[in-house]
Amino acid sequence: MNSFRFIIVILLITFTVTSISSNVYAVQMTTVLSPKQNQAEPLFTANRFITIQFPVGSDLAKKYGNIDETVKFKANSSTPGMAELLSDINKDIRTEKQSPIRIENGTIDYIGTLKGSGDRMIVSYKIVFTPSISGYTLPSNNTGTSLVDLDWRGFYTTRPLELQVPNVGNISINYPISLIQVTHPDLAQQLESTQAKEIFQTPLFNFQDIGTPMDRWHFLFDPTGSQASTAGSGFQELGGARAVSIYSLGESSFREGVMEAKESDAKAAISGTNANVHSTTPPPSGQIQIPGFATVSKVGNSEIAYVTANAPEGTATATGGFPLQVLGVLAGMMAAVSVFVLWKARK
């Protein structure tokens, strides 16, 4: 009984964190896939933190130790370069994932920040990509079962994805170095001739970890949708279905495994001063909602969700023994991870 109370207390504390933090840090992928509508607007978020650390009192510290700059813009179909950007991502999804989905439109919200702190400069990136997709519902011989393609979720591109943005100029939303190029071109030129070049050229649009096999995603089936809605999961009723299947990635449990941040280090000589460069990408996290009861099967190298209106009798409503409240705390957990990563970058 005491252990149960302890769990409830932890959940309540985490739920409090959710209410404070979930609006600050978005998870890396969320979507609602209605087989009947066959159209969706998934939300992908690319986050990264790069720290350039230099000696106190050095010329670099004097130049960048107190810097506070932000490049922020929104892009849509009217932004020069957007059509080519969407076309390039479509090509990569079709070639690398053999997925039938097509991105028909999309928006970009870009925030790049350079913040000095005495002996370092922290460069942070947050790019929110919201494509309008169609074609994920596959042909089915069974009128009572819909087939949903899931392979596109883990797309990755090494293309620059350039946009022409007013008051900014040409900027690649995929290469970290581009933010430095449009704000401090001399620094960018020097970084590209150092060991840190690779860090600043590692693509931001790498959602391969969102392609983590679905058997490592936590599953919950809510026959009415009412519990998922009140739990704060962002449940939406689409396609005439009240029942909903929800897959969540990022809990880090014994069953799902530990989701870890990606980190890398390099050294750079800038204007005659030795600096250390550290890059951190937060762990993968995501949520997929599918109206109806969904089961995922692997067909060759592809993962397909089989969706019916109702679950078979005796179906377990969740995997791994997690309580329903895990939906309400997931966003807060991911926010806490992002806060930790930012704190770690400043250590």
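Computed from the coordinates by the stated procedures, all read-outs in this text should not be read as laboratory data. These numbers were taken from a predicted model, which means no experiment stands behind them. Because the Cβ atoms are built from the backbone with ideal geometry, glycine has one as well, and the counts that use them run over all protein chains shown.
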Legend entry - 5 angstrom amide H check on E303, placed H, neighbours 5+ away: L150, D151
Legend entry - Interchain or long-range residues, amide H under 5 Å from K262's placed H: T281
Legend entry - Vicinal HN-Hα couplings computed from phi for region 30-41 (Karplus, 6.51 cos²θ - 1.76 cosθ + 1.60; Hz; Gly/Pro x): 9, 7, 10, 10, 8, x, 5, 6, 6, 9, 7, 10
Inset, instruction - Quick one: order M121, M214 by neighbouring beta-carbon count within 10 Å, fewest to most. - result: M214, M121
Legend entry - P(r) histogram, all alpha-carbon pairs of region 48-178 included - 5 Å bins from 0, percent: 2, 9, 16, 16, 14, 12, 10, 7, 6, 4, 2, 1, 1, 0, 0
Legend entry - 28 Å Cα-Cα reach of K36 towards lysines, excluding residues that sit fewer than 8 places from it in its own chain: K91, K97, K298
Legend entry - Around I52: net Lys/Arg minus Asp/Glu count, Cβ-Cβ under 12 Å: +2
Legend entry - For region 217-223, Karplus couplings with θ = phi - 60° (6.51, -1.76, 1.60), whole Hz, Gly/Pro x: 8, 6, 10, 9, 10, 10, x
Inset, instruction - Using the Karplus curve 6.51 cos²θ - 1.76 cosθ + 1.60 with θ = phi - 60°, work out ³J(HN,Hα) for each residue of region 264-271 in order, rounded to whole Hz, and write x for Gly and Pro. - result: 8, 9, 7, 10, 8, 9, 10, 6
